[in-house]
Each structure stands twice: as C-alpha cells, then as structure tokens.
Amino acid sequence: MTEAHVSDLMEKAVNLSKRRGFIFPSAEIYGGFRSTYDYGPIGVLLLRNVKDAWWRSMVQLRHDVVGLDASILTPPAVWEASGHLQNFTDPLVDCRKCNERFRLDKLDDPDECPNCHERGSFTEARQFNLMFSTNAGPVESAATTAYLRPETAQGMFTNFANVLNTSRKKPPFGIAQVGKSFRNEITPGNFVFRTREFEQMEMEFFVPPADADQWYEYWCNERFNWYLELGIDADKLRLRPHEADELSHYARATSDVEFMFPWGWDELEGIANRGDFDLNAHATASGEKLDFFDQANNERYTPYVIEPAAGATRTMMAFLLAAYDEEEVRGETRTVLRLHPRLAPYKVAVLPLSKKPELSGVATEVLEAVQRHWMVDYDETQAIGRRYRRQDELGTPYCVTVDFDTLDDQAVTVRERDTMEQVRVPIADLVAHLTAQLAL
Ligand code: GAP
C-alpha cells in the first residue's frame with residue numbers, strides 16, 4: 001500500500017469491519033456503550049480462527065500443555081493472594097478544568113490536559129483498581145463480593161494441584177486457557193485495542209527454577225514466530241524487553257511482542273517469568289500445598305512459571321490491519337484482506353453465475369461437498385465481479401464459480417484471492433484441489 005493509504009488505515013479497517021460484518025459498536029441502536037464491541041457474522045469467524053490457531057499451536061501440537069476453562073466469577077481471596085486487590089491499579093488524574101479523566105502514565109505531557117490543553121490542571125494522581133466487582137447471589141454484602149477476572153491466569157494457578165494430580169504431567173508442563181477477561185480501563189480506545197471486556201489466550205508453563213531463564217527465551221521465540229507464521233511481516237513485529245520499572249508486581253522479567261499499529265509500536269502479548277510468586281502466594285493464603293515432588297532427584301520444589309499472555313481480540317485487530325491491502329486493478333481500487341488461510345473467516349465461497357434453478361441445483365451440491373470441510377459462503381446475488389470484490393474484502397482465499405459450462409463439463413472455476421488467477425477444476429477433484437491449495 002502507498003503511504004497515504006497507510007495513514008488512514010485505521011479508519012479504513014474500522015469502516016470495513018462495520019460494512020462487512022466483522023465488528024459492530026455494541027448496543028448501537030441505543031447510541032453505543034462505552035467502548036464495547038460485538039463481533040458480527042464475519043468477525044466471530046476470524047476471532048474464532050485466531051483462538052483456534054493459538055490453541056492448535058499451544059495445546060494440540062504439543063504433548064506438554066493441557067487446557068482449562070476456569071470460571072470468570074472469582075472470590076476476593078484469589079485476588080487478595082495474587083496481589084491484584086492491592087496492586088492491579090493505574091494512576092488516575094482528573095482535569096479540574098474540563099473534568100475529563102486520564103491515565104497519568106499514558107499522557108504524552110503529564111502537565112497538559114490532552115482534551116482542553118489546560119496546563120497544571122490535573123488533580124493529584126490516585127491509584128484506581130481496575131477490577132470489576134459484583135455480588136454472587138441476591139444479597140449485597142462484603143461476604144458476597146465477587147470479581148470478574150482481570151486475567152485468565154489465576155485459574156491456572158488455583159487449579160495447579162488439580163491438573164498435576166489428574167493429567168499425568170510434571171514440570172516442565174503448561175496449562176492453557178482462552179477466555180474473557182474484564183478490566184475497568186480508565187481510557188479504553190483505539191477500536192478493540194483496549195476495551196473493558198476482551199478475550200485473552202494465556203498459558204502458564206511450570207518449570208524447575210533452574211531452567212526458568214532457558215524456558216523464558218524459548219517461549220519468547222515461539223510466540224514471536226507464531227505471528228510471523230500467520231502472515232504478519234517481520235518489519236511490523238518486534239520483541240521488546242521491559243525496563244525494571246515497567247515490570248508487573250509478580251514478574252522477574254517480561255518481553256512484549258509488539259506490532260506496528262497505525263499509531264506506533266504497541267503490545268500484542270507479554271511473555272513473563274513470574275518466578276514462584278503465584279504458587280507461593282496461593283499456597284500461603286490457602287494453606288494447600290502447591291509444589292512438586294521430583295522423585296528422580298528426591299527433591300520438593302515450587303515450580304517457576306513462564307507465561308505467554310496474549311489478547312485474542314487485540315491480536316485479531318492486528319491480523320486485520322496487517323492483512324488490509326489496496327491495489328489498482330484495471331483502473332479500479334481493489335480492497336483485499338490478505339489473511340493467512342488458517343485465519344480467513346471463510347476458506348471458500350461458492351458463487352453460481354446466475355440464480356437460474358439449473359445452476360442453483362449443482363451449486364448447492366458443490367456447497368454441500370465443500371461445507372463438510374470448511375466454513376463456506378454462498379452468494380448468488382449481484383454481478384460476479386462485485387461478488388469477487390466482496391469476498392476479497394472478507395479475505396476468502398478461494399472463490400468457486402458455477403457457470404453454464406458446469407452443466408456440460410462437470411467442472412467449476414476456482415479463483416485465487418491474491419493473484420486473482422483462475423483455473424478450471426472438475427467437481428470430482430474440487431475438495432482435493434482446495435485441500436492442497438489451502439495447505440492448512
Ligand atoms: N496474565 C498476564 C496478563 O494479563 P497483560 O499484559 O495485562 O498480562 C495480556 O495482558 C494481554 O491481554 C495483553 O498483551 C493484551 O493483548 C491483552 N489485553 C490486556 N488488557 C486488554 C484490554 N483492556 N483490551 C484488550 N486486550 C487487552
């Protein structure tokens with residue numbers, strides 16, 4: 001894309017998301033609701049594919065990681081022990097002139113209000129806890145307080161012994177989880193980059209303390225390569241180690257995988273060495289043993305934890321931005337999402353050239369054959385050129401056109417998204433052809 005295109009990439013991606021059914025503002029018919037978003041018919045597929053690609057790489061293709069799906073509602077004892085009640089805060093300042101609120105650590109100039117540009121108008125910073133609280137049950141009291149988890153990670157720590165005792169795993173091994181987390185962010189924004197309700201993909205990898213540094217390096221590389229393998233250009237990705245004063249209260253070391261967003265480098269994922277902070281904290285607070293007896297060496301130890309923690313919704317947005325492209329084709333601008341086939345919402349679109357019943361019949365047969373294998377779109381309205389453009393904007397790798405020749409030769413035209421090249425393929429070979437091309 002040209003530089004002019006890159007500069008308004010964000011606006012274009014947001015427009016495309018709305019126009020094609022990726023992401024809608026939540027409760028839009030009521031004017032929207034505070035940086036919340038709904039994932040539409042196409043977005044839900046892309047988001048699911050991002051999560052599936054993560055699960056495939058982190059759980060399915062490994063023998064040393066198992067899955068978990070822990071509850072979102074969590075009692076205060078967990079957050080007391082984890083340090084979140086005390087430390088999961090951001091510094092909040094109010095502008096005395098315009099009454100807007102800001103996160104002090106995110107201001108370009110800590111003396112100037114970015115809204116009304118008044119200088120020296122901020123109140124003293126106060127620590128604002130980001131956890132959402134609610135009540136479990138009909139009575140509102142301190143005894144019924146529950147929190148919506150602000151990270152999925154604690155479910156893995158509180159279930160450490162359960163998993164150890166039931167899964168036949170021993171360190172080094174990991175527990176992975178994908179699910180919603182909630183943070184009462186002071187300044188949500190940049191579309192779905194920072195929202196109050198979002199999805200995380202986290203894995204806690206429990207290792208012998210002596211091996212922690214080596215595993216930390218290993219997971220930094222693995223996670224960085226995951227984004228590359230799914231098609232993000234190397235020049236849009238970097239791995240940035242945290243300075244000592246940036247580290248979370250639990251972390252001994254952290255590196256962020258960062259993506260070049262339209263506003264600059266920003267975080268996609270953090271890989272942290274959490275040491276034995278969490279298991280020790282929960283063992284002390286609960287009185288349960290959360291350690292491991294290594295029979296081979298006849299020693300008991302508390303494993304260290306290496307944690308790759310990614311955001312599913314934020315990562316989906318990065319894949320969308322990285323895939324967005326525009327090019328001139330025969331005097332017209334073609335918008336195309338060059339998504340990796342594994343992430344593409346639909347792998348295939350079946351497009352009968354006309355709505356005539358003789359074509360619909362064979363097109364439905366083609367659809368049913370292909371649909372068994374992948375998510376497939378079926379579209380029989382508008383001129384074929386416009387339908388191709390629509391599929392390009394959805395990132396569909398292959399369009400299968402059923403035309404009147406199909407009735408004679410029992411073959412279809414397969415069009416590839418990126419090159420727009422077309423080949424004729426017998427219907428009998430179509431699934432095998434697409435399987436080879438998609439190479440999932
Ligand atoms: N368990 C460690 C942890 O939660 P984090 O860096 O606070 O670490 C991990 O969060 C990832 O979750 C981030 O890298 C980001 O991708 C995603 N994330 C965090 N807060 C978010 C928010 N408000 N909106 C969207 N994604 C968010």
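The values are calculated or read from the model by the stated rules, or taken from the named source; none is laboratory data. Treat the numbers as computed from the prediction; the structure is a model and nothing was measured. Every residue, glycine among them, receives a Cβ derived from its backbone with ideal geometry; neighbour counts consider all protein chains shown. Note: areas computed on protein heavy atoms with side chains; ligands, DNA, RNA excluded. Shrake-Rupley method; radii C 1.70, N 1.55, O 1.52, S 1.80 Å.
Counting Cα-Cα pairs of the chain in 20 Å increments starting at 0 gives whole-percent bin shares of 22, 49, 26, 4. Under 5 Å between amide hydrogens, built in the peptide plane, is the criterion, and for Tyr37 it picks out Ser26 among residues at least 5 positions away or on other chains. Answer rounded, prolate or oblate for the stretch 77-117, using the Cα gyration tensor with square roots of eigenvalues a ≥ b ≥ c: rounded when a/c is under 1.5, else prolate when a/b is larger than b/c, else oblate. It is prolate, given that a/c is not under 1.5 and a/b is the larger ratio. In this Cβ point-charge picture (+1 for Lys and Arg, -1 for Asp and Glu), the stretch 180-312 has a dipole of about 320 debye about its Cα centre. Accessible area per residue, 1.4 Å probe, Å², for the chain: what's the number? With the other protein chains kept in place, the chain gives 48 Å² per residue. Given R0 = 45 Å, the distance between the Cβ atoms of Arg56 and Glu140 translates into a calculated FRET efficiency of 0.55. For the stretch 346-440, applying the loop criterion from DSSP together with a ceiling of 15 other beta carbons within 10 Å to the trypsin sites (Lys or Arg not before Pro) yields Lys355, Arg372.
Restricting the GluC sites (Glu not before Pro) of the stretch 133-200 to loop positions (DSSP other than H, G, I, E, B) with no more than 14 neighbouring Cβ atoms within 10 Å leaves Glu140.
Nearest 0.05, what FRET efficiency do Gln295 and Ala210 give at R0 = 22 Å with Cβ-Cβ as r? Efficiency computed from Cβ-Cβ geometry: 0.80. Note that the stretch 36-82, at 20 °C in a medium of 1.002 mPa s, gets a Stokes-Einstein diffusion coefficient of 158 µm²/s from its Kirkwood radius over C-alpha pairs. Taking the longest Cα principal axis of the chain as reference, the axis of helix 384-394 is set at about 10 degrees. With respect to the chain, whose longest principal axis is taken over its alpha-carbon atoms, helix 9-20 is tilted by about 60°. Give me the angle, in degrees from 0 to 90, between the Cα long axis of helix 277-286 and the longest principal axis of the Cα atoms of the chain, rounded to the nearest 10. It is inclined by approximately 60 degrees. At full extension, Asp69 and Arg103 could sit 9.1 nm farther apart than now, given 0.36 nm per residue minus the alpha carbon distance.
Taking each DSSP H run with n ≥ 4 as -39500 (n - 2.57) and averaging over every residue of the chain yields -9000 deg cm²/dmol at 222 nm. Compute the Cα gyration tensor for the stretch 42-154, then decide on rounded, prolate or oblate, letting a ≥ b ≥ c be the square roots of its eigenvalues: rounded whenever a/c is under 1.5, prolate when a/b is larger than b/c in the other cases, and oblate in all that remain. Note, shape of the stretch 42-154 comes out oblate. Cross-link pairs exceeding 23 Å between alpha carbons, from the set Lys236/Lys347; Lys180/Lys289; Lys12/Lys236; Lys12/Lys355; Lys51/Lys236: Lys236/Lys347; Lys180/Lys289; Lys12/Lys355.
Tell me, what is the percent relative contact order of the chain, built from C-alpha pairs under 8 Å that lie six or more residues apart? That works out to 13 percent.
Quick check: from the Cα gyration tensor, does the stretch 218-297 come out rounded (a/c under 1.5), prolate or oblate? In terms of gyration-tensor shape, prolate.
Projecting the Cα atoms of Cys116, Ser167, Pro150 onto the dipole axis of the stretch 55-206, where Lys and Arg carry +1 and Asp and Glu carry -1 at the beta carbon, places Ser167 farthest toward the positive end.
Over the stretch 307-426, all Cα pairs binned in 5 Å intervals from 0 give whole-percent P(r) values of 2, 11, 20, 21, 18, 11, 8, 4, 2, 1, 0, 0, listed from short to long.
With a cut-off of 9 Å between beta carbons, the residues surrounding Arg119 carry a summed charge of -4, where Lys and Arg count +1 and Asp and Glu -1. A cut-off under 15 angstrom between Cβ atoms defines the neighbours of Phe292, and their net charge, with Lys, Arg +1 and Asp, Glu -1, is -4.
Heavy-atom surface analysis with a 1.4 Å probe gives the chain a carbon and sulfur content of 47 percent of its accessible area. Only the Cβ atoms of Lys and Arg (+1) and of Asp and Glu (-1) were treated as charged; on that basis the dipole of the chain about its Cα centre amounts to roughly 980 debye. Sparse packing (at most 15 other Cβ atoms within 10 Å of the Cβ) combined with a DSSP loop state is found for the following chymotrypsin sites (Phe, Trp or Tyr not before Pro) in the stretch 251-330: Trp263. Ellipsoid fit via the Cα gyration tensor, the stretch 240-384: semi-axes of 51, 24, 11 Å, each the root of five times an eigenvalue, largest first. The listed residues Asp211, Asp392, once ranked by accessible area (1.4 Å probe) with the largest placed first, stand as Asp211, Asp392.
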